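Undergrad: For reference, the structure I am asking about is given below.
Please treat every number below as a calculation from the coordinates, not as lab data. Computed from a prediction, not measured in an experiment: that's the story for all the values here. Glycine also receives a Cβ, built like all others from the backbone with ideal geometry; neighbour counts cover every protein chain displayed.
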Amino acid sequence: MQLTGNTILITGGGSGLGAAWAHEFHAAGNQVIIAGRRQAALDAVVAEHPGMAAMVLDMADAEGVTAFADRLVADFPALNAVLLNAGIMVAEEKIDLAIAEATIATNLLGPIRLAHALLPHLEAQAASTILTVSSGLAFVPLAATPTYSATKAAIHSWSLGLREQLKATSVEVIEIVPPGVQTDLMPGHADNDQMMPLADFIAETMALLRQEPALAEIHVERVKFLSEATQRGDFAQVFGMLNQH
């Protein structure tokens, strides 16, 4: 992916990874549009980046996603990149159906719906990119967040399939696989020294995105403990370490 001169949408751009990526892509010379549920959070990010744009979007709202895509393409016809970053992570006590359904709607159905709505436009561009965001927990699940882990495993699988389907088109599919990062995704993460510092994660991710030839999957070194567990042959040990009480 060329990292300058794009018009890129970043979902979940009002905080955390999304806001940090928005800063980096804006600084690299891209037209950045951030989207999220909270207007105030979006406005705060835009205020620090003259020229950045913001649009309200609830990824769990099926009809809203379609309407959003129509407005986005009308307002930004040069759109050629989408970073599907928005997500929620909530602990579950056994099976909590409300949490499970909300997590699936936001983390899995939302990206699929938005990509579906935008794909005809992206295919019409000379070169375009869909960036998905899975997780190290796609490869080794965290028992405390089973539905979150499952949605990220699904995003990984979906990314593989979508990349294969689009290989003869102008659309490339890149999957970003974060480890635990110091953000407010869950209470306590931002101050947890076991998590990767946000600035370090963003810097390493951007460096990997610049590599030639382009990487289909972006795995920072910190996440490989999880994402390469199966190929190392120590999945059971890593699963046990991750889920010890």
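Undergrad: What's the local net charge at Asp193, with K and R +1, D and E -1, over the other residues with C-beta under 15 Å away?
TA: Numbers: positive: Arg222; negative: Asp191, Asp200.
Every neighbour counted, the sum reads -1.
Undergrad: Also, I was wondering about something else. Divide, for region 55-163, the radius of gyration over alpha carbons by 2.2 N^0.38 Å, where N is the residue count.
TA: Working: Rg = 14.8 Å, N = 109, 2.2 N^0.38 = 13.1 Å.
Dividing the Cα radius of gyration by 2.2 N^0.38 Å gives 1.13.
Undergrad: In addition: Within region 196-222, which residues have the backbone N less than 19 Å from the label spot 7 Å out from Gln231 along Cα→beta-carbon, could you tell me?
TA: 205, 208-222
Undergrad: Moving to a separate point now. Divide by every residue of the chain the summed helix terms, -39500 (n - 2.57) for each DSSP H run of at least 4, and state the resulting mean residue ellipticity at 222 nm, rounded to the nearest 500 deg cm²/dmol. Could you put the intermediate results ahead of the total?
TA: Details: 10 runs with 105 residues, N = 245.
Dividing the helical sum by the residues of the chain leaves -13000 deg cm²/dmol.
Undergrad: For a Förster distance of 35 Å, can you work out the FRET efficiency between the beta-carbons of Ala27 and Glu212, rounded to the nearest 0.05?
TA: FRET efficiency, Ala27 to Glu212: 0.95.
Undergrad: Antiparallel as a % of all DSSP beta bridges within region 7-242, to the nearest 5? Mind showing how you got there, number by number?
TA: Details: 0 of 26 bridges.
Close to 0 percent.
Undergrad: Under a point spin-label approximation (7 Å from Cα along Cα-to-Cβ), what is the Glu164-Ala78 distance to one decimal in nm?
TA: 3.6
Undergrad: Here's another thing I want to ask about it. Mind checking the dipole of region 7-242: about its Cα centre, +1 per Lys or Arg Cβ, -1 per Asp or Glu Cβ, Debye to the nearest 20? List each step's numbers first, then the result.
TA: Working: 12 positive and 26 negative charges, 64 e Å.
The calculation lands at about 300 debye.
Undergrad: Straight distance only, please: which aspartates and glutamates reach the Cα of Lys152 with their own Cα at less than 15 Å, same-chain residues fewer than 8 apart left out?
TA: Glu101, Glu175, Glu217
Undergrad: What residues have an amide H closer than 5 Å to that of Leu9, excluding those fewer than 5 places away on the same chain, when H is modeled at 1.01 Å from N in the peptide plane?
TA: Ile33, Ala81, Val82, Leu83
Undergrad: Rounded to the nearest Å, what's the spacing between the alpha carbon centres of region 175-203 and region 207-245? Just the number, please.
TA: Here the answer is 15 Å between Cα centres.
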